[in-house]
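The values are calculated or read from the model by the stated rules, or taken from the named source; none is laboratory data. On a predicted model such as this, the values are computed, not experimentally measured, just so you know. Don't worry about glycine lacking a Cβ; one is built from the backbone with ideal geometry, like all the others, and counts go over all protein chains shown.
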Amino acid sequence: MPLDLGVLISGTGTNLQAILDATRAGRLDARIRIVVSNRADAAGLRRAEGAGVPTRVVPHGEFPDRESFERALVDALREAGASWVVLAGFMRLLTPEFLGAFPDRVLNIHPALLPAFPGVDAQAQALAYGVRVAGCTVHLVDAGTDTGPIIAQAVVPVDDDDTRETLQQRILAREHELLVLALGWIAEGRLEVMPPRTAGGRPRVRVRGASTAIGVVGDA
């Protein structure tokens, strides 16, 4: 059975487009049931509408608190038949109110090699730190900020003349690949959440029959 996805966005929706392209080409066995944005001007909504995918706008500013906003998100996703949720540039932190409705079934793509550089503007953080490699991470979402179990990571080099914008574009190209790869593993039933390796550690993810990293630097 295809994976039934709900996608949350706040902006341009390029990662959403990568999923749309992969499903249309038959490279990903999934259906996007609905795209929900907290912003009515999000360009990703036009991408979804152009592909014939239902959309919904749930403006966070119209709710008295975060919990009521998240209940509205959950209602929209459930009504559409989504079983997994993808955060594709969704710029709102989620609380246990939302995560409890989709336990271990909320996926995020972050433009850094977590646990390095969580939160906003990860590319600028990486450049400021002077790292030689950067990349992106697909992970399950927990109540922390980019702290959930890591599913897969991809690496890109950082060039001496990189700006935030050039590094962002290079990472973004790998995000599109990595997100589709991880969703494919989920659609194939290969994802397993494992207990922490050590007492007090974090849960981890095992992908049966697959490497959990793609991308190399130089001749490595």
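If you check every pair at least six apart or on different chains, which have Cβ atoms under 8 Å apart with a residue in segment 198-220 that is on the phi > 0 side of the Ramachandran plot first and a residue that is at pLDDT 55 or above and assigned to a loop (DSSP other than H, G, I, E, B) second?
GLY209/ARG190
Among the residues of segment 71-91, what is the count of those that are surrounded by fewer than 17 Cβ atoms within 10 Å (Cβ to Cβ) and under 14 Å from the mean Cα position of the chain (by Cα)?
Going through segment 71-91 one residue at a time, the tally reaches 1.
Please determine, by comparing only the residues of segment 38-57 that are surrounded by fewer than 19 Cβ atoms within 10 Å (Cβ to Cβ) and of a type in the set (A, V, I, L, M, F, W, C), which one is nearest to GLY11 (Cα to Cα).
If we take residues in segment 38-57 being surrounded by fewer than 19 Cβ atoms within 10 Å (Cβ to Cβ) and of a type in the set (A, V, I, L, M, F, W, C), then ALA43 is nearest to GLY11 (Cα to Cα).
Filter segment 103-113 for residues that are surrounded by fewer than 20 Cβ atoms within 10 Å (Cβ to Cβ) and not acidic (Asp, Glu); which is nearest to the chain's Cα centre (by Cα)? Break it down into steps so the answer makes sense when it comes.
Restricting attention to segment 103-113, the residues satisfying the condition of being surrounded by fewer than 20 Cβ atoms within 10 Å (Cβ to Cβ) are 103-105.
With not acidic (Asp, Glu) added as a condition, the list becomes 103, 105.
Numbers: PRO103: 15, ARG105: 11 Å.
The residue in question is ARG105.
Are any of the residues in segment 134-157 acidic (Asp, Glu), touching a residue at least 40 places away in the same chain (Cβ under 8 Å) and not in a strand (DSSP E or B)? Outline the logic, then answer.
Taking segment 134-157 first, the residues acidic (Asp, Glu) are 142, 146.
Still in the list and also touching a residue at least 40 places away in the same chain (Cβ under 8 Å): 142.
From what is left, the residues that are not in a strand (DSSP E or B) are 142.
Yes, because at least one residue in segment 134-157 is acidic (Asp, Glu), touching a residue at least 40 places away in the same chain (Cβ under 8 Å) and not in a strand (DSSP E or B).
Of a type in the set (Val, Ile, Thr) and touching an Asp or Glu at 6+ places or on another chain (Cβ under 9 Å) - does that describe any residue in segment 157-164?
Here is the first cut: in segment 157-164, the ones of a type in the set (Val, Ile, Thr) are 158, 163.
Still in the running and touching an Asp or Glu at 6+ places or on another chain (Cβ under 9 Å): none.
No, because not a single residue in segment 157-164 is of a type in the set (Val, Ile, Thr) and touching an Asp or Glu at 6+ places or on another chain (Cβ under 9 Å).
From LEU191, LEU127, which residue is of a type outside the set (Ser, Thr, Tyr) and within 30 Å of MET1 (Cβ to Cβ)? Explain how you work it out, then say what you get.
Details: LEU127 fails: within 30 Å of MET1 (Cβ to Cβ).
So the residue among LEU191, LEU127 that is of a type outside the set (Ser, Thr, Tyr) and within 30 Å of MET1 (Cβ to Cβ) is LEU191.
Identify, please: which residue in segment 1-35 is touching an Asp or Glu at 6+ places or on another chain (Cβ under 6 Å) and part of a strand (DSSP E or B) and is, among those, surrounded by the most Cβ atoms within 10 Å (Cβ to Cβ)?
Across segment 1-35, the extreme among qualifying residues is ARG33.
Quick test of your reading of the structure: ASP161 fulfils all but one of (1) without any contact (Cβ under 8 Å) to a residue 24 or more places away in the chain; (2) in contact with a helix residue (DSSP H, G or I) (Cβ under 6 Å, 6 or more places away or on another chain). Name the failing condition by number.
It is condition (2) that ASP161 fails.
Going residue by residue through segment 3-14, is there one that turns out to be of a type in the set (D, E, K, R), touching a Phe, Trp or Tyr at 6+ places or on another chain (Cβ under 8 Å) and over 16 Å from VAL138 (Cβ atoms)? Steps first, please.
Applying the first criterion (of a type in the set (D, E, K, R)) to segment 3-14 yields 4.
Filter once more, so that each one left must be touching a Phe, Trp or Tyr at 6+ places or on another chain (Cβ under 8 Å): 4.
This time we only want the ones that are over 16 Å from VAL138 (Cβ atoms), so: 4.
Looking for residues that are of a type in the set (D, E, K, R), touching a Phe, Trp or Tyr at 6+ places or on another chain (Cβ under 8 Å) and over 16 Å from VAL138 (Cβ atoms), one finds at least one in segment 3-14, hence yes.
Have a look at VAL156, VAL120, VAL131, VAL205 and point out the one that is among the β-branched types (Val, Ile, Thr), farther than 18 Å from ALA18 by Cα and touching a Lys or Arg at 6+ places or on another chain (Cβ under 9 Å). Give the derivation first.
Working: VAL120 fails: touching a Lys or Arg at 6+ places or on another chain (Cβ under 9 Å); VAL131 fails: touching a Lys or Arg at 6+ places or on another chain (Cβ under 9 Å); VAL205 fails: touching a Lys or Arg at 6+ places or on another chain (Cβ under 9 Å).
Within the list VAL156, VAL120, VAL131, VAL205, the selection yields VAL156.
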